[in-house]
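I have placed the structure first, in the form of C-alpha cells, so that the comments after it can refer back to it.
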Amino acid sequence: MWVLDESIIKVERKVVKMISATPQDVLKMLRQLPPRERLKVIYQALPEIEQSLSENVRAYKSLRGLWKDLLTPVSEKDIDDARREMWKDFPREDIV
C-alpha cells in the first residue's frame, strides 16, 4: 500500500499548474528568480526548444521536374521562340 506524503501532492499540483501556465505566467515566475537562476533555467530550456524547432521544420519538395508529366514536352526551340517574342519590342522607341 502506497502512502502519499502531503508535500508530494503539493509538488504535483504545481507541476500541473505549470503545464497549463501562460507565457506571461512563466515570465512572471522567471522574473522572481535571481539573475543566476534565470540563466540556469534558460540554459536548460534552450537546447530543448532548439530541438523541437528543428524537428518541426518541413522539408520543401523540389520543383525540379515539375512539368515532366506534361503531355507536350517543351523544347529548346519553343523556349527560344517565346524569348524572341517577348523581347522583340525591347527597347521601345516611344519610351525615352
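Filter segment 40-64 for residues that are hydroxyl-bearing (Ser, Thr, Tyr) and modelled with pLDDT under 90 and give the result. Listed by number, the residues that qualify are Ser52, Ser54, Tyr60, Ser62. Within segment 43-65, being charged (D, E, K, R) and loosely packed, with under 10 Cβ neighbours inside 10 Å holds for Glu48, Glu55, Arg58, Lys61, Arg64. Residues in segment 44-65 that are assigned to a helix (DSSP H, G or I) and either touching a residue at least 40 places away in the same chain (Cβ under 8 Å) or among the hydroxyl-bearing types (Ser, Thr, Tyr) (or both) were compared, and the one that is nearest to Leu30 (Cα to Cα) is Ser52.
Within segment 5-39, the residues that satisfy the criterion of being of a type in the set (Ser, Thr, Tyr) and at pLDDT below 80 are Ser7, Ser20.
Entry remark, segment 80-96: residues being loosely packed, with under 10 Cβ neighbours inside 10 Å and at pLDDT 75 or above number 8 in total.
Which is loosely packed, with under 10 Cβ neighbours inside 10 Å and outside any loop (DSSP other than H, G, I, E, B), of Lys28, Lys77, Lys40, Lys68? Testing whether each residue is loosely packed, with under 10 Cβ neighbours inside 10 Å and outside any loop (DSSP other than H, G, I, E, B) leaves just Lys77.
The values are calculated or read from the model by the stated rules, or taken from the named source; none is laboratory data. This structure is a prediction, so every number in the text was calculated from the model and none was measured. Quick reminder, even Gly has a Cβ in these numbers, built from the backbone with ideal geometry, and neighbours come from all protein chains shown.
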